[in-house]
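Enquirer: One structure is given below, represented as structure tokens, and several questions about it will come after.
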Amino acid sequence: MAVAIELGLRGIRTLVCEPRSVDAYGIAKVNLVNARSMEHFRRWGIADRHRANDPVPADVARDLVFSTRANGKILFKAEGAYEWRERMPIAAETPEWAPFEAIEKSLRTRLLELDAVTFIEHSSVLDFTQDAGGVQVTYEKDDGQVTVGANYFIIANGPHSPQRRKINLRLEGRTLFHNTSWYFHAPELKTLFEKTHLCSMTFFLNDDAFGDILVPYGGDHWGYYVSPIPEGVDANDWNQVREMMFRSVGQRFETSGERGWIWGSHARMARSFNYGRAFLIGDAAHLTPPFGGFGMNMGVGDAADLGWKIAATLEGWGGPRLLDTYSLERRDVCKFIIDGSAHNNTVWGKALVREHMEEDSARGEQVRAEIRKVIVEEKTQQFRSLGAQLGYRYTGSPIIIADGTEPPPMTYGDYVPSSVPGCRAPHVWLGADDSLYDHLGWGFCLLQQDPDIDVAPLVEAAAKAGLPLKVWNLDHPGVRALYERKLTLIRPDQHVAWRGDTLPDDPGHVIDIVRGAAQYR
Ligand SMILES: Cc1cc2nc3c(=O)[nH]c(=O)nc-3n(C[C@H](O)[C@H](O)[C@H](O)COP(=O)(O)OP(=O)(O)OC[C@H]3O[C@@H](n4cnc5c(N)ncnc54)[C@H](O)[C@@H]3O)c2cc1C
């Protein structure tokens, strides 16, 4: 849906096949739309809509808590871990923690508003072929089969995609372990957090060491996650799973409407995200362990990278090598996030449990302080991951013009703004709700901080190539502080493509590199 929105907003005719009906939203799994994805939601006009779609009431604190039992002892509390209470200077949006249904609803309703997008419910893609002229895609609907021709085919149907198998791009890597998720209705459960803290996510650490989590979904709906499934437990048997949950909560309570499934934590990726006219996106291209909340967010990042490149190619200004850079740029970023998220899975459950941790004594308090220290050292990056959210860059891409400067080191936890080519253009608030990003437009943007530079040759070169370019003269102290050059060329996905204090000797060559039509000399 994300890439269809990206294309639809650019007026590119797009057909979306979906087996589910138009208003059937998937089972709750994702919650975290991170700051970077929310910036894309803002660009697509749905950031506020998405916040409004969150069904979880305000009395559920958007915090993360490690607790011995629901009515036990708090070991660690990360306040505002999943939703910043205040606007951040470094990003146009704060992360939003809302159930999967809300995310699907926000995207789906936007998709349906776009004239260029046709959404076909109850349809499943069966097969595709491709040649130099285009693709032929066959889908099934109402017991009949339809074959359509298109320029490109985007494979977005998750990790078990038969279409990906057809081009033999396997999800290579490893499976870390197997987990279970159960959803149920339990009106009484929220009242059992009186001694602790009702919040977005409660991680239980206790003598039982189940490695389990409770998440409220609003309307007395809850999610219970166990990761990994303990030996000897049949995770398909709700009675067994429920007994674990009762132990961790510390009390029995009524439940109804239970449904659950077993799933794997994987660190896997295809060796290329594109083959000819077919593109892999989202879980069809990569799988990350969920601690960190990056799976869907990586897919949104893919969409932001791929969307403008397909549009540019179809509009004629994208060069012949532009589409190949999708895989080159995204694979490195996904690998970085997958590796960091795999680390988040290493210290969990049994590894954080200590003898006497639940004791009501000085010894118990000391043990809990030790555990708190380990949580801070080992787990902080799981819920303070602005480096992975905002700091990823495409510095090594053939369509980025390096200027010999090294960007700050890329870490999962911390984000340091940088305008080095390849990095996400640093964010600046220009006014109350006036983000620098709101002014960049849908094409390239030349941010000019010295009005005396004659940029006409670059503008002419862009016009000659058909590349949409906006020149934006801006004199703002916040921008001056973060953008170290007088000229910064920003791509449609808000990454810096080139920067300098003077125009390049050959502006046409710069334009050709950034649109995938030429290489460095
Ligand atoms: C417990 C858990 C918690 C998670 N939490 C987070 C989180 O907080 N943040 C985050 O970013 N990620 C999270 N994830 C990961 C996230 O759920 C996935 O990365 C994300 O759902 C992948 O989206 P996708 O659209 O690529 O694939 P899917 O969600 O698998 O969607 C595939 C789509 O393809 C459709 N489809 C299937 N077959 C066909 C066909 N033949 N033709 C056409 N359409 C078809 C399906 O109906 C579906 O709509 C979590 C995962 C788990 C398991």
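The values are calculated or read from the model by the stated rules, or taken from the named source; none is laboratory data. Since this is a predicted model, take the numbers as computed values, not measurements. Ideal geometry is used to build each Cβ from the backbone, glycine not excepted, and the neighbour counts take in all protein chains shown. Ligands, DNA and RNA are stripped out before the accessible areas are found, and what is left, the full protein with its side chains, is counted by its heavy atoms. Shrake-Rupley method; radii C 1.70, N 1.55, O 1.52, S 1.80 Å.
Enquirer: Please list, by residue number, every one of the GluC sites (Glu not before Pro) in segment 179-285 that is coil in DSSP and has at most 13 other beta-carbon atoms within 10 Å.
Expert: Glu188, Glu194, Glu231, Glu254
Enquirer: Count the net charge of all other residues whose Cβ sits under 12 Å from the Cβ of Lys379, scoring Lys and Arg as +1 and Asp and Glu as -1.
Expert: It works out to a net charge of +1.
Enquirer: Continuing with the same structure: Of all GluC sites (Glu not before Pro) in segment 1-88, which ones are in loop regions per DSSP and have a Cβ with at most 15 other Cβ atoms within 10 Å?
Expert: Passing both the DSSP loop test and the Cβ count: Glu79, Glu86.
Enquirer: Tell me, what is the per residue accessible area of segment 1-121 in Å², probe radius 1.4 Å?
Expert: 37 Å²
Enquirer: Same structure again: Tally Lys/Arg at +1 and Asp/Glu at -1 over every other residue whose Cβ is under 13 Å from the Cβ of Gly431; what's the total?
Expert: Once positives and negatives cancel, what remains is -2.
Enquirer: Straight-line reach only, C-alpha to C-alpha below 17 angstrom: list the aspartates and glutamates that Lys486 could link to, leaving out same-chain residues fewer than 8 apart.
Expert: Asp403, Asp450, Asp452, Asp454, Asp475, Asp501, Asp505
Enquirer: Let me ask another. In the full protein assembly as shown, how much of His197 is accessible to a 1.4 Å probe, in Å² to the nearest 10?
Expert: It works out to around 40 Å².
Enquirer: Can you list the DSSP H helices in the chain whose Cα atoms extend at least 27 Å along the helix axis and whose mean Kyte-Doolittle hydropathy is -1.0 or higher?
Expert: Those that pass (Cα extent of 27 Å or more, hydropathy at least -1.0) are 295-315, 324-344, 362-383.
Enquirer: Under the rule of at least 5 residues apart or a separate chain, name every residue whose amide H is placed under 5 Å from the amide H of Leu430.
Expert: For Leu430, whose amide H was placed from the backbone, the distant partners under 5 Å are Ser435, Leu436.
Enquirer: How many angstrom separate the Cα center of segment 384-403 from the Cα center of segment 107-163?
Expert: Between the Cα centres of segment 384-403 and segment 107-163 lies a distance of 31 Å.
Enquirer: Can you report the principal axis dimensions of segment 21-152 using only the alpha carbons, biggest first, rounded to whole angstrom?
Expert: Sorted from largest, the Cα extents of segment 21-152 read 60, 35, 26 Å.
Enquirer: Under 15 Å from the 7 Å Cα→Cβ point of His178, by amide nitrogen: which residues of segment 209-245?
Expert: Within reach of a label on His178: 226-238, 241.
Enquirer: Further, regarding this structure: As a check on your grasp of the helix formula, calculate [θ] at 222 nm for the chain: sum -39500 (n - 2.57) over DSSP H runs of n ≥ 4, divide by the residue count, round to the nearest 500.
Expert: Counting only the DSSP helices, I get -8500 deg cm²/dmol.
Enquirer: Which aspartates and glutamates have a Cα less than 15 Å from the Cα of Lys141, not counting those fewer than 8 places away in the same chain?
Expert: Partners within reach: Glu18, Glu121, Asp127.
Enquirer: For a test of the definition: using alpha carbon positions, the gyration tensor, and the 1.5 limit on a/c, classify segment 48-121 as rounded, prolate or oblate.
Expert: prolate
Enquirer: Here's something else I'd like to know. For Lys464, list the lysines whose Cα falls under 20 Å from its own Cα; do not include residues on the same chain fewer than 8 positions away.
Expert: Reachable lysines: Lys309.
Enquirer: Next question, about the same structure. Taking the Cα atoms of segment 3-86, what is the range of coordinates along each of the three principal axes, in descending order and whole Å?
Expert: Largest first, segment 3-86 extends 55, 31, 18 Å along its Cα principal axes.
Enquirer: Hey, could you pull the Cα Rg and Dmax for the chain, both in Å?
Expert: In order Rg, Dmax, the Cα atoms of the chain give 24.3, 76 Å.
Enquirer: Let me ask you something else. Heavy atoms only, probe 1.4 angstrom, no DNA, RNA or ligands counted: give me Met269, Met296 ranked by accessible area, highest first.
Expert: Met296, Met269
Enquirer: Considering only Cα-Cα distances, which of the following residue pairs are longer than 18 Å: Lys73/Lys190; Lys29/Lys335; Lys77/Lys379; Lys350/Lys373; Lys29/Lys350; Lys350/Lys379?
Expert: With Cα atoms farther than 18 Å apart: Lys29/Lys335; Lys29/Lys350.
Enquirer: Something else about it: Taking every Cα atom in segment 380-521, find the radius of gyration and the maximum pairwise distance Dmax, and write them in Å.
Expert: 15.1, 50
Enquirer: So for Arg485, Arg521, what's the accessible-area order with a 1.4 Å probe, most first?
Expert: Result, largest first: Arg521, Arg485.
Enquirer: Take the alpha carbon atoms of segment 460-492, find their center, do the same for segment 244-276, and report the distance between the two centers in whole angstrom.
Expert: Cα centroid of segment 460-492 versus Cα centroid of segment 244-276: 44 Å apart.
Enquirer: Restricting to the chain, what percent of DSSP beta bridges are antiparallel, rounded to 5?
Expert: Once the DSSP bridges in the chain are tallied, antiparallel ones form about 80 percent.
Enquirer: Once you have the Kirkwood Rh of segment 146-204 from its Cα pairs, apply Stokes-Einstein at 4 °C and 1.567 mPa s and quote D in µm²/s.
Expert: Value of D from the Cα-based Kirkwood radius: 76 µm²/s.
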